[in-house]
Structures are given as C-alpha cells and as structure tokens.
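Colleague: Got a structure here, written out as structure tokens. Questions coming.
The values are calculated or read from the model by the stated rules, or taken from the named source; none is laboratory data. These numbers were taken from a predicted model, which means no experiment stands behind them. Virtual Cβ from ideal backbone geometry, glycine too; neighbours counted across all protein chains shown. What goes into the accessible areas is simple: the full protein's heavy atoms, side chains included, and nothing from ligands, DNA or RNA. Shrake-Rupley method; radii C 1.70, N 1.55, O 1.52, S 1.80 Å.
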Amino acid sequence: DSGVTQTPKHLITATGQRVTLRCSPRSGDLSVYWYQQSLDQGLQFLIQYYNGEERAKGNILERFSAQQFPDLHSELNLSSLELGDSALYFCASSVAPGGASTEAFFGQGTRLTVV
Amino acid sequence: DAKTTQPNSMESNEEEPVHLPCNHSTISGTDYIHWYRQLPSQGPEYVIHGLTSNVNNRMASLAIAEDRKSSTLILHRATLRDAAVYYCILKSGNQFYFGTGTSLTVIP
C-alpha cells in the first residue's frame, strides 16, 4: 500500500458527461501528480500541484482541469468526455515539490470507461 | 527529459537473478536514474534510484556504468510476484516521463 488513495476505483459514464476523480496523497506529502495511462499512449504526465499551487503542466487537454485543496487532496475534472478519454488515471504524491532525486508514490488508479 | 532504451520483454526463471538493462546515452550530469515497476492493474511502484554510485535496497540493486550511459536493475532472486513492467526513467526535474518499459515474465 503506497498510502495514496484514489476514488472511485471504476467509473463508467457517457460521452459528453463530466466526472471528478479524487486523490488523497500520502500523509505529509505536499506534491500531487496526475497521470493518464491508455493502451496506445502509455503513462502520460498531465499536471502537478504543490501545496495548492499548480507546479507543472504536461499533456493535459483543455477539457481537463485539476486543483489541490487546503487539506492537500486533489481532484481531476474531466469534461465533455470522449470515447478516447477512456483510460486509467493515476495520482502520485511526493514530499517535496519534486527534483531529480525525489521518488513518488502512486495510487491504484481510477479506471474510466466512456461509452 | 532524456530518453531511455529498454528491451520490450525479458524472461527469467523463478529464484534466479534477473538483470534488466537500460541505455541512456544522452544522460546529463544532473539526471537521476529511477526505476519503477508496474504490476498488472496497479499503479507504478518505486523500486530504486541513483546518481553515480551503485545502490542497494531491500527490493533490488542498481548498477550504474562509470560513464552513466547505461544502468542495470538487478533482482537477486526473481519471484512470481516480480512479474511486471519495469520502467527506467531519467529525472532532472519534477516529473517522471515513462517510456514503454520492459515486461518481465517469471517462469515457475
């Protein structure tokens, strides 16, 4: 158990809908990362937050947004969903904002299926 | 971030050592070498990381070439639970950029 909690574990929704994925980082970790894993793209970095502030952006679509709350949990909002958004979404956390020597701890993921 | 090259797949017999290679010829002086693994239907799991010297922990050993252009993850005794995709990642900033990794099959 990595200590990172993601909910829900599974989500099925229709095209055009909006969903929210939730992540609770490990106790004491201030940094949260979101990743998308699809069969044809592998693990893609989406966005990082550190202590409530956006720290870095990766390949995140404009239809997607995220935030980190004062209690350090984070939410990833996906809107106007398309079939191609079906994927596993992982959250990871680390103590520090990052840096080359920092390891991250990943949650079990949320499997999103868009029908 | 610099790229890494790993074999797509490898096989090992149970209870034998496994050497998973990674080439990173464009590594820069500030890049750390990280290894993560992903078991089926689970999130990536930290294995080990290092900069220049060889590193050991309870899960594995990391052997880093003197010129740092390659590294090898060593699992000393493979078990069936070690069957996973192993990712070698060069990290210089905050994010991890995952490649395609090596899918390790452990044969009983």
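Colleague: With a 1.4 Å probe, what is the total accessible area buried between chains A and B, in Å² rounded to the nearest 100?
Modeller: Numbers: alone 6220 and 6210 Å², together 10800 Å².
Summing both chains' loss of accessible area gives about 1600 Å².
Colleague: In the Gaussian network model of chain B, springs joining C-alpha atoms below 10 Å, which of B:N54, B:N23, B:N94 carries the largest mean-square fluctuation?
Modeller: B:N94
Colleague: From the C-alpha coordinates alone, can you work out the Kirkwood hydrodynamic radius of segment A:1-44, in Å? Don't skip to the end; give the middle numbers.
Modeller: Numbers: mean 1/r = 0.0785 Å⁻¹.
The answer is 12.7 Å.
Colleague: A follow-up question, please. Taking a virtual spin label 7 Å from the Cα of A:Q41 along the C-beta vector, which residues in segment A:85-115 bring their backbone nitrogen under 11 Å of it?
Modeller: Residues A:85-89 qualify, since their backbone N sits under 11 Å from the label point.
Colleague: Please report, largest first and rounded to whole Å, the three semi-axes of the ellipsoid equivalent to segment B:58-108, where each semi-axis is the square root of five times an eigenvalue of the C-alpha gyration tensor.
Modeller: Values: eigenvalues 100, 45, 18 Å².
Working through the eigenvalues yields semi-axes of 22, 15, 10 Å.
Colleague: What is the distance in Å between the Cα centres of segment B:33-108 and segment A:40-115?
Modeller: Measuring centre to centre over Cα atoms gives 22 Å.
Colleague: For chain A, modelled as a Gaussian network with Cα springs under 10 Å, which listed residue fluctuates most, A:E54, A:E62, A:E103?
Modeller: Maximum among the listed residues: A:E62.
Colleague: Could you work out which residue, out of B:L75, B:L90, B:L62, moves most in a Gaussian network model of chain B, that is, has the largest mean-square fluctuation with Cα springs under 10 Å?
Modeller: Greatest mean-square fluctuation among the candidates belongs to B:L75.
Colleague: Hey, another quick one. Could you check the simple spin-label distance between B:T5 and A:E75, using points 7 Å along Cα→Cβ, in nm with one decimal?
Modeller: 4.6 nm
Colleague: Follow-up question, since we're still on this one. Where Rh is the Kirkwood radius over the Cα pairs of chain B, the temperature 37 °C and the viscosity 0.692 mPa s, what D in µm²/s does Stokes-Einstein return? Each step should come with its number before you reach the end.
Modeller: Values: Rh = 13.8 Å.
In µm²/s, the coefficient is 238.
Colleague: Rounded to the nearest angstrom and ordered from largest down, what semi-axes does the equivalent ellipsoid of the protein assembly as shown get from its C-alpha gyration tensor (root of 5λ)?
Modeller: Details: eigenvalues 181, 80, 48 Å².
Three semi-axes, in Å: 30, 20, 16.
Colleague: Using only atoms on other chains, find how many Cβ atoms lie within 10 Å of each Cβ of peptide A:36-47 and report the average.
Modeller: Working: counts 0, 4, 0, 0, 0, 0, 7, 13, 2, 6, 1, 1.
So the per-residue partner count for this stretch is 3.
Colleague: Dipole magnitude of chain B about its Cα centre, charges +1 at Lys/Arg Cβ and -1 at Asp/Glu Cβ only, in debye to the nearest 20? Each step should come with its number before you reach the end.
Modeller: Working: 8 positive and 10 negative charges, 48 e Å.
Dipole of chain B, to the nearest 20 debye: 220 debye.
Colleague: 7 Å from Cα along Cα→Cβ at both B:E66 and A:E54: what's the point-to-point distance in nm?
Modeller: Calculated label separation equals 4.8 nm.
Colleague: Same structure, new question: Among all the lysines, which ones have a C-alpha under 27 Å from A:K9's C-alpha, if same-chain residues fewer than 8 places away are not counted?
Modeller: A:K57
Colleague: May I ask you to derive the FRET efficiency for A:Q17 and A:A96 from their Cβ-Cβ distance with R0 = 45 Å, giving the value to the nearest 0.05?
Modeller: With R0 = 45 Å, the Cβ-Cβ based efficiency is 0.80.
Colleague: Work out the length of the dipole vector of segment B:1-62 about its Cα centre, built from +1 on the beta-carbon of each Lys and Arg and -1 on the beta-carbon of each Asp and Glu, and round it to the nearest 20 debye.
Modeller: Working: 3 positive and 7 negative charges, 48 e Å.
That gives a dipole near 220 debye.
Colleague: Please give the charge dipole size of the protein assembly as shown, origin at the Cα centre, charges +1 on K and R Cβ atoms and -1 on D and E Cβ atoms. Round to the nearest 20 debye. List each step's numbers first, then the result.
Modeller: On the way: 16 positive and 21 negative charges, 40 e Å.
Its charge dipole is roughly 200 debye.
Colleague: Would you mind estimating how fast chain A diffuses translationally, via Stokes-Einstein at 25 °C and 0.890 mPa s with the Kirkwood radius over Cα pairs, in µm²/s? Please list the in-between numbers first.
Modeller: Details: Rh = 14.0 Å.
Here the translational diffusion coefficient equals 176 µm²/s.
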